[in-house]
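**Student:** There's a structure below that I have some questions on.
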Amino acid sequence: MTDTLIISDDSDKASILGKMMEGITSVSYCGVDESASKITEGSYGIVVIYLPLTENIDRVLQLIVFAKTQSSVIITGTLDETDLVYRCFDNGATEVLITPFSEGLVKLRVTGVIKKRIASLQTTANELKAERSKYRMLFENMNSGFTLFKVKDNKIYLENANSKVLESFPKARGVTFGSDLGVTLPKFYQAFAEDVFKVNNTGESLRYEKNFDLINRYMSFNFYRPEPGYVAMLAQDLTEKRLAEKRTVELSYQIKKQFKDLDNKAYELDKAKKQLELFLEGSNDGTWDFDVANKRLSVNLQYRRQLGYEDDETAFTSPDDFVNIICDQENKEKFQMFYDSVRDGKIDMINEELKVRCKDGSVKWLMVKCVVKRDENGRAIRVAGVNTDISERKAYEETLNHKSEELQKANDTKNMFISIIAHDLRNPFNAIIGLTDILRKREAVINDPKANELSGVILQSAKTTYDMLNNLLLWCRSQQNTIAFEPEELNLHYTVDEALSEVKGQAQKKHIMLINRTSTSDTIWADAQMLQTVIRNITVNSVKYTNEGGLITVAAEWTPEGIDVIIEDNGIGMSQETVDKLLVVSRNRSTVGTAGEQGSGMGLLICKEFISRHNGKIKIESEVGKGTKFIITFPHNG
């Protein structure tokens with residue numbers, strides 16, 4: 001029920017009016033002098049000013065202005081006081097009761113005021129609700145976190161907080177507003193208790209920035225006291241701002257560093273350019289740069305100096321100058337071919353020797369090297385190059401070629417001469433060997449020990465010389481590449497048997513045992529005639545340097561590189577110095593065998609040549625007094 005205050009100095013009249021309002025409002029009374037304090041202390045929905053208007057108009061108007069801020073104001077008056085009533089309405093009066101009063105009319109007018117007030121209060125309440133919702137939305141969505149603390153009895157209570165705070169501190173979401181912060185959020189309490197107490201006690205605001213370890217963010221905090229017992233805290237996340245500032249500083253540093261690096265590089269580039277220019281001017285190389293689009297040619301001093309135009313700075317300003325001044329017809333065609341190839345994108349680099357004509361009519365050879373730079377569409381835009389004078393080298397090459405031709409002719413003549421001699425001498429020695437052998441077989445008929453001894457010496461000497469002639473002829477043929485090389489898969493065991501059969505007679509004279517230790521399943525990829533020659537010559541060499549009653553073996557071993565054919569004897573052996581000379585043409589010198597056998601050393605040289613034709617290798621291991629081992633490696637399938 002609405003409370004009503006009747007202000008009147010006539011208590012009897014006021015009481016009569018109050019009784020008329022019974023049932024619709026609760027009525028209180030006061031005089032004019034105490035009305036101000038009464039209105040201030042109470043909460044009255046209606047204030048009725050029951051004073052004659054004519055005598056008290058100024059006082060009534062003052063009361064209306066004072067009371068209307070929180071109450072609906074009703075005045076009383078007569079029909080003769082209409083003008084004064086309107087003045088009251090203008091100052092804020094809500095209703096007027098015309099005397100004499102009628103209870104029904106009073107109740108009707110008061111009820112109407114009550115309804116208007118209720119409607120006004122409802123409207124105000126709705127407006128306040130809308131405003132509260134709007135401000136709550138702003139409060140929740142503000143960029144800063146807001147927290148309101150209540151300080152009482154040396155404790156801190158969480159009075160309110162917006163979503164920014166609740167999102168940052170998940171543990172605060174389930175905490176009831178008004179709860180003891182030290183109990184519900186002890187870590188939060190420890191972080192801010194000292195600051196909250198300080199601001200509440202002093203009333204002075206506090207602001208600082210720091211890294212807030214609870215959420216690992218860099219924050220700004222602002223504390224202030226809106227009224228005693230309450231402390232508000234505004235918290236703003238500055239992490240991204242600080243990171244941006246840090247990145248800005250780092251970027252600024254990097255930009256400055258890059259500019260400094262660019263300055264240093266520009267300085268170094270300028271320095272290198274000057275050094276290059278100095279080097280090029282001091283060298284014998286001419287440099288040039290051709291702007292393809294504008295057909296403009298730039299050359300250095302050495303370029304003009306090479307061709308005798310050092311005093312003519314206007315020479316060679318276009319490629320046509322190069323063609324017309326120094327190129328003969330052949331080089332003009334070659335230059336045009338280069339130009340077309342560069343233009344059509346066929347080549348990006350040229351390395352060519354050109355014969356050019358100098359200003360004085362002499363001829364020079366230039367090595368022209370250049371590179372092509374193209375745009376994104378593949379069109380040539382620049383061609384830069386270097387010309388090196390190679391005239392002396394070309395003259396030397398010409399002399400060298402002439403000497404080489406002469407040397408080749410002399411070598412061919414020598415090989416042909418040796419071949420002819422060796423071939424022509426074979427028939428006479430065949431005759432000598434045949435006749436001497438007949439004399440040896442008729443030893444009993446002649447019955448002359450001295451003659452028999454001499455015939456034996458002659459026979460041995462003739463055979464040795466004949467073998468030397470054969471080796472010499474074979475050597476000449478190998479040097480002239482006239483020996484056919486026809487590799488095939490061979491049975492190594494049978495090939496070794498065939499080669500050893502030719503040495504068997506020499507070995508038997510010294511009672512030397514020849515043993516073939518290769519397997520009948522061993523195969524080898526080789527030329528049959530060359531392989532037999534290699535095995536035969538090395539075995540003959542082993543017989544020569546093995547004492548009577550000695551042993552020579554031929555074996556085979558498979559390795560990752562190929563097959564090793566190993567010929568080993570237990571002869572007199574050699575020093576390492578002798579081994580090093582054995583396969584060198586200019587240093588090979590044959591020594592006398594254990595039975596006085598003679599030789600030329602050509603046999604081992606032929607072996608080396610034939611092994612090389614197979615892409616093989618030969619290795620010799622020997623020790624004086626213990627024998628020699630020849631290891632010949634033939635690769636798989638040649």
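**Student:** Starting from the Cα of residue 19, draw a straight line to each of the lysines and keep only those under 26 Å, dropping any in the same chain fewer than 8 residues away.
**Tutor:** Hits, sequence-local ones excluded: 38, 68, 107, 115, 116.
**Student:** Between residue 296 and residue 102, what is 0.36 nm times their sequence separation minus the Cα-Cα distance? Round to one decimal in nm.
**Tutor:** Extending this stretch completely gives an extra 57.8 nm.
**Student:** I would also like to ask the following. Could you work out how far apart the two model spin labels at residue 204 and residue 355 are, taking each label as a point 7 Å from the Cα in the direction of the beta carbon, and quote it in nm?
**Tutor:** About 10.3 nm separates the two model spin labels.
**Student:** Give me the accessible area of residue 208, 1.4 Å probe, in Å² rounded to the nearest 10.
**Tutor:** 50
**Student:** Any idea how far apart residue 243 and residue 16 come out in nm if each label point goes 7 Å out from Cα toward Cβ?
**Tutor:** 8.3
**Student:** Let me ask something additional. At a Förster distance of 22 Å, what's the computed FRET efficiency of residue 41 paired with residue 62, Cβ-Cβ distance as r, to 0.05? Before the final figure, lay out the partial values.
**Tutor:** On the way: r = 18 Å, r/R0 = 0.83.
Computed FRET efficiency for residue 41 and residue 62 comes out at 0.75.
**Student:** How large is the accessible surface per residue of segment 32-108, computed with a 1.4 Å probe and reported in Å² as a whole number?
**Tutor:** 52
**Student:** Using 1/(1 + (r/R0)^6) with R0 = 45 angstrom and r between the beta carbons of residue 494 and residue 547, what's the FRET efficiency to the nearest 0.05?
**Tutor:** Numbers: r = 29 Å, r/R0 = 0.65.
Computed FRET efficiency for residue 494 and residue 547: 0.95.
**Student:** Give 187/210; 346/394; 129/150; 509/544; 409/617 a once-over and call out the pairs whose C-alpha atoms are over 20 Å from each other. Before the final figure, lay out each step's value.
**Tutor:** Numbers: 187/210 16 Å; 346/394 29 Å; 129/150 24 Å; 509/544 11 Å; 409/617 31 Å.
Cα-Cα > 20 Å for 346/394; 129/150; 409/617; rest within.
**Student:** Further question on the same structure: Can you compute the label reach from residue 323? Point 7 Å from Cα along the Cβ direction, backbone N cut-off under 18 Å, restricted to segment 365-396.
**Tutor:** Of the residues in segment 365-396, 380-384 have backbone N under 18 Å from the label point off residue 323.
**Student:** Highest mean first, how do 497-509, 565-577 rank when packing is the count of other Cβ atoms within 10 Å averaged over residues? The partial results should precede the final answer.
**Tutor:** Values: 497-509: 15.3, 565-577: 18.6.
With the highest mean Cβ count within 10 Å placed first, the list reads 565-577, 497-509.
**Student:** Ok, one more. Leaving ligands, DNA and RNA out of it, rank 215, 46, 16 by accessible area with a 1.4 Å probe, largest first.
**Tutor:** Largest accessible area first, the list is 16, 215, 46.
**Student:** Same structure again: How large is the accessible surface per residue of segment 477-579, computed with a 1.4 Å probe and reported in Å² as a whole number?
**Tutor:** On the way: 5090 Å² over 103 residues.
For segment 477-579, the solvent-accessible area averages 49 Å² per residue.
**Student:** What distance in nm separates the two pseudo spin-label positions at residue 191 and residue 404, each 7 Å out from Cα along the beta-carbon direction?
**Tutor:** In this crude label model, residue 191 to residue 404 measures out at 8.8 nm.
**Student:** Given a Förster distance of 35 Å, report the FRET efficiency between residue 9 and residue 123 from their Cβ-Cβ distance, rounded to the nearest 0.05.
**Tutor:** Working: r = 35 Å, r/R0 = 1.01.
Efficiency, from the Cβ-Cβ distance: 0.50.
The values are calculated or read from the model by the stated rules, or taken from the named source; none is laboratory data. Because the structure is a prediction, the values reported are computed rather than measured. Cβ sites come from the backbone with ideal geometry, for glycine too, and all protein chains shown count toward neighbours. The protein model used for the area step is the full one, side chains on, heavy atoms only, and it has no ligands, DNA or RNA in it. Shrake-Rupley method; radii C 1.70, N 1.55, O 1.52, S 1.80 Å.
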